[in-house]
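The values are calculated or read from the model by the stated rules, or taken from the named source; none is laboratory data. Since we're looking at a predicted model, the values are computed, not measured. Cβ placement follows ideal geometry from the backbone for every residue including glycine, while neighbour counts extend to all protein chains displayed. Heads up: the accessible areas ignore ligands, DNA and RNA and are worked out on the full protein's heavy atoms, side chains in. Shrake-Rupley method; radii C 1.70, N 1.55, O 1.52, S 1.80 Å.
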Amino acid sequence: MSHETNARDPGDVGPGFMDAAELTAREGIARYVIGFVLACALTAASFYVLNTSLIWGPGIPVALVVLAIAQMGVHLVFFLHITTAPDNTNNVLALAFGVLIVALVIGGSLWIMDHLNENMMPMHQMMQMQR
Amino acid sequence: MFGKLTWQAIPWDQPIPLVAGSVVVLIVLAVLAWVVIKGYLPYLWREWITSVDHKRIGVMYTLLGAVMLLRGFIDAIMMRSQQAAAFRAAGYLPPEHYDQIFSAHGTIMIFFAAMPIVIGLMNFAVPLQLGVRDVAFPTLNSTSFWLTATGALLVNISLVIGEFARTGWLVYPPLSGLPYSPGVGVDYYLWALLISGVGTLMTGINFVTTILKIRAPGMSYLRMTIFCWTALAANLLIVAAFPILTATLAMLALDRYLDFHFFTNEAGGNMMMFINLIWAWGHPEVYILVLPAFGIFSEVISTFSGKPLFNYRSMVAATMFICLVSYMVWLHHFFTMGAGGNVNAFFGISTSIIAVGTGVKIYNWLFTMYGGRIRFATPMLWSMGFLVTFVIGGMTGVLLAVPPADFLLHNSLFLVAHFHNVIIGGVLFAAFAGITYWFPKAFGFKLDEGWGKIAFWLSLIGFYVVFMPLYVAGLLGMTRRLQHYDVAAWRPWVLVAGIGIIIMICAAACQVVQFVVSIRRRDELRDETGDPWDGRSLEWATASPPPPFNFAVLPDVRGEEPYWEIKRRAIETQQLSAEPKYEPIEMPRNSPTGFITAFFCTMTGFALIWHIWWMVGLGIVAAYAVFVWFAWRDVTEYSIPAEEVARFDRARRQAREQWLAQHAGQPA
């Protein structure tokens, strides 16, 4: 059963150590500044779409959700340094696991709570019985 | 000055809690006095209380769990004897006291017995099996332990000062809301769990980090033991689930303390949301307990069958499958709450599907045993008892997963029998298997096999005699948590369960005797080689008990069963590998941070329960000050000189060489 080899698994390295050495201070600061500008722009945009006629009225909440998700993306990439590089696999997996759990718990709760009165008598029938 | 706390908080008029409480206080005082008089206090403080060594913390966790297991077991004895007596009678426990007992039993058994033992065994074995020197954050580990101890302490203080919750172990509102539970019982529950929950969350983070980032050279993911894999899965579940528990209980605390309306009837609150959220934590919690248990059984069954685990990769896949699907089943705890057919069908089916993962594991264990040279040592007996018992418990679980059946069996003793069947048969048997298995590693001598086997057989028989009748009583319509009843058809089954609990008492006594006898006979039971069970994973590669640094030189892992291969090579060549070059080892310094933080957290929790606001402020500020003081420390590590490492490792190598010489000529 045992697979005895002398080679070590090359894909299995401690994550997070490489990118700190590769970036110069200047590049590091530039990354944060770009992130900051993007984050500000997205924040400003969400205030702007509230009172604009550019977007169809009922579409405004959808636009806000889109901007919020974009904001999260900016934070993850520019401030938390999530990349697709192999040394970031753990972080990406952790993020995916977290998103999945949050989606399951929130989505599931909404579905369950929405369904709770399914077996109740419709309201107008109940009113009739009370007469 | 002291908020709601007065002399009336002590139940002077109720003899049972008062006497029980006084006895416990006397025992604790006697132990403390003995420790002080014998002069053990400095030793305890230096070597145990302030220890950040994962092995010591693991032992302390397990000890805490064992003591709380005894406390929860006494509650169980009281419930079974009350029901045996209370047929068309009042029994000896008044309703308000009986309600506290079943609430305390559930709370203690899950949070302060099962969790500490499981976390304790993970603490002890995971770093050793990964071939490393400690966990990622040793001082955090110590703090986690002491915060758990804080929770246990608060629950036990409620025995003497005030009362405990009368609401069941998950404090459903509206019963746990202020209008229906005005006393301090629910507050004791809330603060004990909020504080110990932080500790558990920190453990989760610590172990996920350890397993993902700190492994011996060459220890790739698919070379880790199954116990490490199940520990990884369980700790991922902790990290994702415990925040839900903390948030839910915090919302209930806001309802009770600051007049919020999350779970009330008025002002738009919805108590169904509490039940939904608490089970979104509660079902993953079941797997937090049982996945490490599966890991222990995997180790034990493979070792005592003398074979590698059958189909290792499917075991890993099944573990991670259970880890994920355990988040998609929580509604099965409240099928009857009113959701329609679609929701109930979805969660019923997902519940049945999760049993497939467990089924894969059962077959893997069976095929590991098949064709193996099985040694029936105590840990193996617990594992085989588990296989049979857990399959029965799993089957009744799949039955309960069918919503129409659940509508009949919900809240009945059938349900009670089911979850005791899986938790006792799964988690508790694993705890005993794990303790017997790793005890020689932790203390350097084996536990007495004779008493261990008697304890096993009595536990197994006692379990069936208690819980099989409860299945029947449940099918006959007996609901859970009855203080008294007058249905003649239930009576015989309740009486049989009462006889069963007597067998369980004998089993518990045998366990205690096992420890006493083993400690007295420790010189005969000594494990010289560090490998008492002919083990396969890395924890057996070092001495028993292991030195603070675990391994003189970190092992170089080249296969799935690293220690087995080292051992085979040594037997084939009739010599150990060449002596390595020893280097000094840096180890984290002991720190009282965890103990002092937990002391102030206990103070804060107690003050919050009794509304002593100045003490709340004092406790929080002091706990934070300890953290700052720790963050500003200058020296974090101490160095163990190379000579000491060498001296230690040479002694171990000598013992191994002796063993080789004695077993010369053994087929490789």
Residue B:251 fails exactly one of (1) modelled with pLDDT of 90 or more; (2) away from chain A (no Cβ under 14 Å); (3) in contact with a Phe, Trp or Tyr (Cβ under 6 Å, 6 or more places away or on another chain), namely (2)
Out of all the residues in region A:104-113, which are open to solvent by 60 Å² or more (accessible area, probe 1.4 Å) and more than 9 Å from every other protein chain (Cβ to nearest Cβ)?
A:106, A:110
What's the total number of residues in region B:32-47 that are open to solvent by 90 Å² or more (accessible area, probe 1.4 Å), hydrophobic (A, V, I, L, M, F, W, C) and under 14 Å from residue B:595 (Cβ atoms)?
1
Residue A:44 free of Cβ contacts under 8 Å to residues at least 12 places away in the same chain, assigned to a helix (DSSP H, G or I), under 21 Å from residue A:79 (Cβ atoms) and open to solvent by less than 90 Å² (accessible area, probe 1.4 Å):
yes
Please verify whether residue B:401 is of a type in the set (A, V, I, L, M), surrounded by fewer than 22 Cβ atoms within 10 Å (Cβ to Cβ), under 26 Å from the mean Cα position of the chain (by Cα) and more than 12 Å from chain A (Cβ to nearest Cβ), treating the condition exactly as stated.
yes
Boolean, residue B:75 is within 29 Å of residue B:186 (Cβ to Cβ), open to solvent by 30 Å² or more (accessible area, probe 1.4 Å) and acidic (Asp, Glu)
no
Requiring at least 2 residues that are farther than 20 Å from residue B:443 by Cβ, out of contact with any strand residue (DSSP E or B) (no Cβ under 9 Å at 6 or more places or on another chain) and touching a residue at least 24 places away in the same chain (Cβ under 8 Å), the helices (runs of 4 or more DSSP H) wholly within region B:1-105 are B:15-37, B:54-85
Restricting region B:529-563 to residues that are in contact with an Asp or Glu (Cβ under 6 Å, 6 or more places away or on another chain) and surrounded by 22 or more Cβ atoms within 10 Å (Cβ to Cβ), which is farthest from the other protein chains (Cβ to nearest Cβ)?
B:544
Of the numbered conditions (1) under 19 Å from residue B:80 (Cβ atoms); (2) buried (at least 16 other Cβ atoms within 10 Å of the Cβ); (3) among the charged types (D, E, K, R), residue B:453 fails exactly one; give the number of that condition.
(1)
Residues to consider are B:153, B:130, B:121; find the one that is surrounded by fewer than 24 Cβ atoms within 10 Å (Cβ to Cβ) and on the phi < 0 side of the Ramachandran plot.
B:153
Quick check on region B:564-587: of everything there that is touching a residue at least 12 places away in the same chain (Cβ under 8 Å) and open to solvent by less than 30 Å² (accessible area, probe 1.4 Å), which residue is nearest to residue B:152 (Cα to Cα)?
B:587
When you scan region B:211-221, do you find a residue that is in contact (Cβ under 8 Å) with a residue 24 or more places away in the chain, within 14 Å of chain A (Cβ to nearest Cβ), surrounded by fewer than 24 Cβ atoms within 10 Å (Cβ to Cβ) and in a helix (DSSP H, G or I), even just one?
yes
Restricted to region B:172-188 and to residues being open to solvent by 20 Å² or more (accessible area, probe 1.4 Å) and farther than 22 Å from residue B:247 by Cβ, the residue farthest from the other protein chains (Cβ to nearest Cβ) is B:183
With the requirement that a residue be free of Cβ contacts under 8 Å to residues at least 40 places away in the same chain and facing chain B (nearest Cβ under 10 Å), what does region A:75-102 give you?
A:93, A:94, A:97, A:98, A:100, A:101, A:102
Can you find a residue in region B:189-206 that is in contact (Cβ under 8 Å) with a residue 12 or more places away in the chain and within 13 Å of chain A (Cβ to nearest Cβ)?
yes
Every pair of residues 6+ apart whose Cβ atoms lie under 6 Å, when the first sits in region B:343-371 and is within 23 Å of residue B:312 (Cβ to Cβ) and open to solvent by less than 10 Å² (accessible area, probe 1.4 Å) while the second is at pLDDT 90 or above and among the charged types (D, E, K, R)
B:368/B:307
